[in-house]
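The values are calculated or read from the model by the stated rules, or taken from the named source; none is laboratory data. Since the model is a prediction, treat every value here as computed from it, not as a measurement. Glycine also receives a Cβ, built like all others from the backbone with ideal geometry; neighbour counts cover every protein chain displayed. Heads up: the accessible areas ignore ligands, DNA and RNA and are worked out on the full protein's heavy atoms, side chains in. Shrake-Rupley method; radii C 1.70, N 1.55, O 1.52, S 1.80 Å.
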Amino acid sequence: MSSVTLFPSSLQGTVTVPPSKSAAHRVILCAALSQGVCRIENVALSNDIQVTIQAVTALGAKVTLTGSTLTVDATRLFSQPSAELDCGESGSTLRFLIPIAAAGGISSRYTGHGKLPQRPIGVYLDCLPPAGVRCETQGGLPLQTSGQLCPGVFSLPGDISSQFVTGLLLALPILNGDSRIILTSPLESAGYVDMTLEIMEQFGVRVQVLPDGYLIPGNQRYQPHDCVVEGDWSQAAFFLAAGALGKHPLVIQGLSPSSTQGDRAAAELFQRFGAAVKFTEEGLMVAPNTLNGIDIDAAQIPDLAPILAVTGALSSGVTRITGAARLRIKESDRLAAITDGLTRLGGNVEQLPDGLIITGTPKLIGGKALGYNDHRIVMSLSVAALRAETPVEITDAQSINKSYPDFFSQYNRLGGRAHVI
């Protein structure tokens, strides 16, 4: 386990954010389901993306990386009767692959690391067995599935994780009959499902959106498609915060202003805090300004909550984050983790069952904080360190490899002072 020590500084210049991890998962899986050959440009090998690549390889695809271009040859997908699928710490990989492998009739054993074995999969344990899939588990991982997924009606909640909805949406079109997904509670993180539908359509697969869910015609074929992965708005949020809290403007490149990523809301949220945020010819520019606390409903943007909490901790007045109960079952209990980290550094944060109340302060004191082996906690607290009076040490610095291995090198290139030990 490594730690990072960060010294007070200010970031300035231009940064290109990594490709969207959420989009890359979906594109790789659609490419595999095309059972043809696809070229995917702008791919970065974070730990989560590597385990998705390893999973489709275990299902029979051949994947090669040249520079940042991934070639997926899926002409032999589902050619083996069984597969061992190590999903690392990636909830997306696990929840997307379970119905996909079952749609191919593959007997699969799923394992994971970190907090993944404890993260919820009960939605599938309820809705897949009636559709022909046998699920064997002692609770969580390891999970053994067998049988052929059959078309039908799948009722599931929308407020546990949108990943269950995406997994079914990806798998059901290749079955030999029509299916329906009925949502029994409002869909949270809806932007991620919008992204799934958009990428599926690029591969020639269509789904009808209904008032209470989705109608998925069967007997569809994913068509081979070459594409480029767009930049990641959730990672851009760290630099939006760094620019808003700093002394100099930052320009963030690689983002689509029309993205279906739910975390595109970060631009508007930082404007509401008071930062100057606008798209220019160079990219998305953020400039510091006087920041004031705001009220935030995080139901659709849970990944942004830790960095928004950091911003609130250094804004005047009170910031309230609600609708974030699902953050307690991520890589860490993110509500508890960011509260603990900011409090240790001199911030004023109170936990709610589904959120946070943050009273701002002009500067943090500094000190040592725990990273909780959670990439978003480590990166958020690294931005908080920019406005600390003394150095900040954060444990579990290696956890950034889950999503953003180059974060500290880019942080330092922009003028930050981060020393990973």
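Take residue 240 and tell me if it is open to solvent by 20 Å² or more (accessible area, probe 1.4 Å), touching a helix residue (DSSP H, G or I) at 6+ places or on another chain (Cβ under 9 Å) and either among the aromatic types (Phe, Trp, Tyr) or closer than 23 Å to residue 44 by Cα (or both). Walk me through how you get there before you give the answer.
Numbers: open to solvent by 20 Å² or more (accessible area, probe 1.4 Å): no; touching a helix residue (DSSP H, G or I) at 6+ places or on another chain (Cβ under 9 Å): yes; either among the aromatic types (Phe, Trp, Tyr) or closer than 23 Å to residue 44 by Cα (or both): yes.
The answer is no for residue 240.
Would you list the strands (runs of 3 or more DSSP E) that sit entirely within the range 269-328 and hold 2 or more residues that are farther than 30 Å from residue 159 by Cα and open to solvent by 40 Å² or more (accessible area, probe 1.4 Å)? Walk me through how you get there before you give the answer.
Working: elements: 276-279, 284-287, 295-297, 318-322.
In the range 269-328, 276-279 are the strands (runs of 3 or more DSSP E) which contain 2 or more residues that are farther than 30 Å from residue 159 by Cα and open to solvent by 40 Å² or more (accessible area, probe 1.4 Å).
Name the residue that is least open to solvent (accessible area, probe 1.4 Å), counting only residues in the range 135-149 that are within 16 Å of residue 103 (Cβ to Cβ) and in contact with a Leu (Cβ under 7 Å, 6 or more places away or on another chain).
Restricting to residues being within 16 Å of residue 103 (Cβ to Cβ) and in contact with a Leu (Cβ under 7 Å, 6 or more places away or on another chain), the top hit is 149.
Of all residues in the range 125-149, which are aliphatic (A, V, I, L, M) and part of a helix (DSSP H, G or I)? Write out each step before concluding.
Filtering the range 125-149 down to residues aliphatic (A, V, I, L, M) leaves 125, 128, 131, 133, 141, 143, 149.
Result: 125, 131.
Any residue at all in the range 61-75 that's of a type in the set (A, V, I, L, M, F, W, C) and open to solvent by 40 Å² or more (accessible area, probe 1.4 Å)? Steps first, please.
Kept after step one, since they are of a type in the set (A, V, I, L, M, F, W, C), are these residues of the range 61-75: 61, 63, 65, 70, 72, 74.
Pick out the ones that are also open to solvent by 40 Å² or more (accessible area, probe 1.4 Å) and you get 65.
Yes; the residues of the range 61-75 include at least one that is of a type in the set (A, V, I, L, M, F, W, C) and open to solvent by 40 Å² or more (accessible area, probe 1.4 Å).
Does residue 332 qualify as being among the polar types (S, T, N, Q), buried (at least 24 other Cβ atoms within 10 Å of the Cβ) and either assigned to a loop (DSSP other than H, G, I, E, B) or at pLDDT below 95 (or both)? Walk me through it before giving the result.
Working: among the polar types (S, T, N, Q): yes; buried (at least 24 other Cβ atoms within 10 Å of the Cβ): yes; either assigned to a loop (DSSP other than H, G, I, E, B) or at pLDDT below 95 (or both): yes.
Criteria met by residue 332.
Note down all Cβ pairs under 9 Å where the first residue falls in the range 281-310 and is without any contact (Cβ under 8 Å) to a residue 12 or more places away in the chain, the second is open to solvent by less than 10 Å² (accessible area, probe 1.4 Å) and in a loop (DSSP other than H, G, I, E, B), and they're at least six residues apart or on different chains.
none
Just one of the numbered conditions (1) touching a strand residue (DSSP E or B) at 6+ places or on another chain (Cβ under 8 Å); (2) at pLDDT below 95; (3) within 19 Å of residue 380 (Cα to Cα) is not true of residue 289; which one?
Evaluating residue 289 over (1) touching a strand residue (DSSP E or B) at 6+ places or on another chain (Cβ under 8 Å); (2) at pLDDT below 95; (3) within 19 Å of residue 380 (Cα to Cα) leaves (3) as the failure.
Scan the range 117-134 residue by residue and report those that are surrounded by 19 or more Cβ atoms within 10 Å (Cβ to Cβ) and of a type in the set (A, V, I, L, M, F, W, C).
Within the range 117-134, 121, 123, 127, 128, 131, 133 meet the criteria.
Please find, within the range 243-264, the residue that is nearest to residue 317 (Cα to Cα) out of those that are open to solvent by 30 Å² or more (accessible area, probe 1.4 Å) and in contact (Cβ under 8 Å) with a residue 40 or more places away in the chain.
Across the range 243-264, the extreme among qualifying residues is 247.
Since residue 9 meets every condition but one in (1) in contact with a Ser or Thr (Cβ under 9 Å, 6 or more places away or on another chain); (2) open to solvent by 20 Å² or more (accessible area, probe 1.4 Å), which condition does it not meet?
Among (1) in contact with a Ser or Thr (Cβ under 9 Å, 6 or more places away or on another chain); (2) open to solvent by 20 Å² or more (accessible area, probe 1.4 Å), the lone unmet condition for residue 9 is (1).
Scan the strands (runs of 3 or more DSSP E) fully inside the range 353-421 and keep the ones with 1 or more residues being under 28 Å from residue 325 (Cα atoms) and either open to solvent by less than 60 Å² (accessible area, probe 1.4 Å) or in contact with a helix residue (DSSP H, G or I) (Cβ under 9 Å, 6 or more places away or on another chain) (or both). Lay out the reasoning, then the answer.
Working: elements: 355-359, 367-369, 392-395, 417-420.
Per the criteria, 355-359, 367-369, 392-395.
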